[in-house]
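Okay, so here's the structure we're looking at.
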Amino acid sequence: MKNGAGENLADVRIPLVKVPAHPVRLELPGPEKDALKDRIRTMLRQQNAVLVAHYYTDGDLQDLAEETGGCVADSLEMARFGTEHPAQILVVAGVRFMGETSKILNNEKRVLMPDLAATCSLDEGCPIGLFSDFCDRHPDHTVVVYANTSAEVKARSHWVVTSGIALPVVKHLAEKGEKILWGPDRHLGRYVQQLTGVEMILWPGSCVVHEEFKADALIQLRKLHPQAAVLVHPESPQEVVDQADVVGSTTALIQAVQRLPNKEFIVATDAGIFNKMRQLAPDKILLGAPIAGEGATCESCARCPWMEMNTLEKLAIALEAGAGEIEVAPELAAKARIPIQRMLDFAKTLKK
Ligand code: 13P
Ligand code: SF4
């Protein structure tokens with residue numbers, strides 16, 4: 001049954017996601033922070049470990065990952081990087097599904113995370129029992145799930161995609177005449193559905209960070225900055241996506257800041273991304289898309305509370321104590337690896 005926005009939303013009542021409070025950040029004095037970073041550098045080297053960080057994590061973690069030969073990336077590249085790097089330990093600064101994906105793809109390696117409680121509202125809002133029943137009710141549909149899901153949900157799918165590759169994968173499936181069951185992000189699903197015209201049933205999940213961007217306030221901000229290009233992550237609501245000059249993954253939005261001639265940019269995604277944008281385009285003016293205004297809540301701050309759980313201190317503890325290790329049962333990992341590997345193999349064909 002399609003709603004007013006043309007979405008074919010599944011009639012499923014998903015669990016309410018408990019969003020943690022934003023942690024109070026106590027900035028370490030400069031010399032202490034430098035000493036901590038030095039300790040982490042040494043441990044990474046001694047343990048043959050590499051740090052893989054997402055663009056939304058704290059700037060210090062991102063910088064450290066790059067300085068020490070690791071990477072800062074979107075979720076697709078984080079998954080790929082871990083498979084090609086020779087390190088025996090992958091330290092994933094991000095959210096749990098990113099650590100799990102690394103473990104699934106690298107069963108022989110240890111995967112550590114600074115905080116195992118760092119989850120994601122999309123993952124939490126898509127429990128395997130409910131999702132599997134939903135799939136069972138639509139056996140003629142190809143199951144495509146976003147990477148922001150548990151290992152169990154991935155194992156129940158035919159394809160895993162990230163925001164960077166969702167569109168070409170669904171186009172490819174459309175060419176083969178397949179009908180799609182999509183989960184869990186309804187906004188990314190609707191965006192892909194609108195661009196491909198494929199028949200899709202959408203799981204009604206959403207990202208608590210992107211859902212907070214406000215379309216009316218964005219109209220007002222654009223009036224104040226008529227020359228600014230608007231960059232939007234596709235987990236955002238339709239009325240925000242409709243105002244975008246560029247819609248894409250975190251990597252695509254960073255590349256847009258470098259590529260477009262505009263001096264000013266309004267950015268609708270987690271504010272952690274500004275660290276890399278400022279590094280690569282220091283002369284550009286970056287404005288966060290509005291989150292305040294009617295309907296704003298205390299969660300409206302464009303910072304993912306789970307990404308914020310990653311800190312230098314917790315990273316040091318994970319390395320010192322071998323804490324925060326990701327475990328995925330081998331049988332489950334073998335099942336979940338199939339749709340993830342399908343995505344990585346498909347990504348290689350796109351590069352060619
Ligand atoms: P990207 O794959 O675009 O980095 O997105 C991951 C994510 O969690 C966005 O909220
Ligand atoms: Fe999940 Fe949203 Fe956080 Fe990305 S920003 S990890 S989608 S809650």
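Since every read-out is calculated from the coordinates, none of them should be taken as a lab result. It should be emphasised that the depicted structure is a prediction, and the values quoted were computed from it without experimental measurement. Here the Cβ positions follow ideal geometry from the backbone for every residue, glycine too, while neighbour counts run over all protein chains shown.
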Rounded to the nearest 0.05, what FRET efficiency do Q258 and D216 have when you use their Cβ-Cβ distance and R0 = 30 Å? 0.50
What order do you get for R96, R303 when you list them from fewest to most C-beta neighbours inside 10 Å? R303, R96
Going through K109/K179; K176/K351; K154/K352; K103/K348; K18/K284; K263/K351 one by one, the pairs whose alpha carbons sit over 28 Å apart turn out to be K109/K179; K18/K284; K263/K351
From zero outward in steps of 10 Å, how is the percent of C-alpha pairs of the stretch 8-80 spread across the bins? 15, 33, 28, 14, 8, 1
Charge context of A244, other residues only, Cβ under 13 angstrom, K/R +1, D/E -1: -3
Which one of V111, Y55, L36 is farthest out on the positive end of the charge dipole of the stretch 1-123, using unit charges on Cβ (Lys, Arg +1; Asp, Glu -1) and the Cα centre as origin? V111
Semi-axes of the stretch 17-156 from the Cα gyration tensor (sqrt of 5 times each eigenvalue, largest first, whole Å) come to 32, 19, 11
With point charges of +1 on the Cβ of Lys and Arg and -1 on the Cβ of Asp and Glu, referenced to the Cα centre of the stretch 253-352, which listed residue (P261, I291, A281) lies farthest in the positive direction of the dipole? P261
Quick one: Karplus J couplings for the stretch 123-128, per residue in order, coefficients 6.51, -1.76, 1.60, θ = phi - 60°, nearest Hz, x for Gly and Pro? 4, 5, x, 9, x, 4
Relative contact order %, the stretch 14-99, counting alpha carbon pairs below 8 Å whose residues are six or more apart: 28
Return the distance in nm (one decimal) between the two label points of a simple spin-label model at K284 and Q238, each offset 7 Å from Cα along Cα→Cβ. 2.9
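At 0.36 nm per residue, and after removing the present C-alpha to C-alpha distance, how many nm does the segment from S132 to E313 gain when stretched out fully? Present the calculation step by step, with values, prior to reporting the outcome.
Details: separation 181, 0.36 × 181 = 65.16 nm, distance 3.82 nm.
Here the answer is 61.3 nm.
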I need the fraction of alpha carbon pairs in the chain separated by more than 38 Å, rounded to a whole percent. 13
The size of the Cβ-based charge dipole (Lys, Arg +1; Asp, Glu -1) of the chain about the Cα centre, to the nearest 20 debye, is 760
Taking 0.36 nm per residue of separation between D11 and Q227 and subtracting their Cα-Cα distance, the length gained on full extension comes to 73.6 nm
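Once the other residues with Cβ under 9 Å from the Cβ of K154 are scored (Lys, Arg +1; Asp, Glu -1), what is the net sum?
Neighbour charge sum, excluding K154 itself: +1.
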Packing-wise, with mean Cβ within 10 Å as the measure, how do 323-332, 166-175 rank, highest first? 166-175, 323-332
If each of K18 and K33 carries a label point 7 Å out from its Cα toward its Cβ, how far apart are those two points in nm? 3.2
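Can you tell me, using C-alpha contacts under 8 Å and at least 6 residues apart, the relative contact order of the stretch 1-155 as a whole percent?
Reported relative contact order: 19 percent.
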Taking Cα pairs closer than 8 Å and at least 6 residues apart, the relative contact order of the chain in percent is 22
Would you order F346, F134, F213, F265 from fewest to most other beta-carbon atoms within 10 Å of each residue's own beta-carbon? F346, F134, F265, F213
Which distance in Å, rounded to a whole number, links the C-alpha centroids of the stretch 26-60 and the stretch 319-352? 24
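Return the calculated 222 nm mean residue ellipticity for the chain, to the nearest 500 deg cm²/dmol, obtained by summing -39500 (n - 2.57) across DSSP H runs with n ≥ 4 and dividing by the residue count.
That calculation yields -12500 deg cm²/dmol at 222 nm.
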Between the residues G177, V192, W203, the Cα farthest towards the positive end of the dipole of the stretch 130-205, that dipole coming from +1 and -1 charges on the beta-carbon of Lys, Arg, Asp and Glu, is from V192
Rounded to the nearest 20 debye, what is the charge dipole size of the stretch 34-177 about its Cα centre when +1 sits on each Lys and Arg Cβ and -1 on each Asp and Glu Cβ? 380
Once amide H atoms are placed 1.01 Å from N in the peptide plane, what residues at a sequence separation of 5 or more from I201, or on another chain, have their amide H within under 5 Å of its amide H? I180, L181, W182
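Under a Cβ-Cβ cut-off of 12 Å, what is the net charge of the residues other than E124 that fall near it, where Lys and Arg count +1 and Asp and Glu count -1?
With Lys, Arg at +1 and Asp, Glu at -1, the net is +1.
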Relative to the Cα centre, what is the charge dipole magnitude of the stretch 301-340, using +1 at the beta carbon of each Lys and Arg, -1 at the beta carbon of each Asp and Glu, and rounding to the nearest 20 debye? 240
Using only Cα atoms, locate the centre of the stretch 184-201 and the centre of the stretch 202-228, then give the distance between them in Å, rounded to an integer. 18
At the level of C-alpha centres, the distance separating the stretch 62-117 and the stretch 131-161, in angstrom, is 23
Springs between alpha-carbon pairs under 10 angstrom, Gaussian network model over the chain: which of T42, T149, T311 fluctuates most? T42
Give me the tail of P(r) for the stretch 183-289 as a percent: Cα-Cα pairs with distance above 20 Å. 38
